[in-house]
1. Answer with one residue from Ile230, Val152, Asn189: the one whose Cα lies farthest towards the positive end of the charge dipole of the chain, charges on Cβ with Lys, Arg +1 and Asp, Glu -1.
2. Using the count of nearby Cβ atoms within 10 Å as a rough guide to exposure, how do Glu164, Glu15 rank from fewest to most?
3. Using only alpha carbon pairs under 8 Å that are at least six residues apart, calculate the relative contact order of the chain and give it in whole percent.
4. Out of Leu249, Ala263, Gly165, whose Cα points farthest toward the positive end of the dipole of the chain (charges: +1 Lys, Arg; -1 Asp, Glu; placed on Cβ)?
5. Where both partners of a DSSP beta bridge lie in the chain, what percent of those bridges are antiparallel, to the nearest 5?
6. Just want the ordering: Ser205, Ser244, Ser59, from fewest to most Cβ atoms lying within 10 Å of their own Cβ.
7. Relative to the Cα centre, what is the charge dipole magnitude of the range 139-202, using +1 at the beta carbon of each Lys and Arg, -1 at the beta carbon of each Asp and Glu, and rounding to the nearest 20 debye?
8. Suppose the Debye formula is applied to equal point scatterers at every Cα of the chain; what is log10 I(q)/I(0) at q = 0.07, 0.16 Å⁻¹?
Amino acid sequence: MTLHAASREALAAAELRLLELADATTSTDELAKLGEELFAVLGLVIEQPSLRRALADASSEPAGREHLVRGLFEGKVSDATLQVLVAVVTARWSSPRELVDGIESLARTTLLVRAERDGQLDSVEDELFRLGRIVAGTHDLERLLGDPAGAVDGKVALVDTLIEGKVSPVTKTLVDQLVRHPRGLRVANGLGELADLAAKRRQRSVAHVRSAVALTAEQVDRLTATLTTIYSRPIALHVEVDASLAGGLQIKIGDEIIDGSIAGRLAALRRNLAS
């Protein structure tokens, strides 16, 4: 998600209000409700272009936008959800699309805070990453989920058959909402993005590791410790087995790639010989 300066400030203010409300509640059920209601509002503003333009109209008075939100949602959502929405619409957004980005980000943050409170953030991150690998590696599934002509409810039902009873409630809600509103993203990429958000929630960087063979738990622990030392911050490993590497590892952290695979070394050798 890329936001212009005004939208970054608007999102920061809304996140502050969201986290204040989260700190004030001891119920993770209330956080679940808040996240689900924000996702419901997200769906509404995606479906109604005129509404999102009105809510993001920087030429109108903030009080007028607040009045609009209260008229639409008061009594239909919880007081906490209404307070977050008021914080959203009384801020200045760079564009209607970035306002939608902001609501989506707030909904996701709410559910990740819930997972954190429940001690499930590690599990949510792992579940999202693994499901992303399954979708990316199953051509027919990815094609069906990415079909713009496909029925949305059918796509959600299809994914639910794969994850029902196998993932946490937070993961299920995040996945369902991604499938329902991919917003131009491939579902596999969206799942990877969500896994990264969960890792960042724990203030860790994510190392995407491709290995020619499955790593043992001891190897994963050693690699985690080594990368944590190198980067001077906690590192979360997402490991994918890729036999095409022939041997070794390929590690990607942000924009940096550490390629120790045989395939990578051979490719570098071919480039050097050709130059």
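1. Ile230
2. Values: Glu164 10, Glu15 17.
By the 10 Å Cβ count, ascending, the order reads Glu164, Glu15.
3. Details: 324 pairs, mean separation 44.1, N = 275.
Relative contact order here is 16 percent.
4. Ala263
5. Working: 9 of 17 bridges.
In the chain, approximately 55 percent of DSSP beta bridges are antiparallel ones.
6. Working: Ser205 16, Ser244 8, Ser59 4.
The order, fewest Cβ neighbours first, is Ser59, Ser244, Ser205.
7. Details: 10 positive and 9 negative charges, 68 e Å.
For the range 139-202, the charge dipole is close to 320 debye.
8. -0.31, -1.28
Every read-out reported here was derived from the displayed coordinates using simple, explicitly stated rules and does not represent laboratory data. Small disclaimer: the values here were computed from a predicted structure and weren't measured. In this analysis, Cβ positions are derived from the backbone assuming ideal geometry, glycine residues included, and neighbour counts consider all displayed protein chains.
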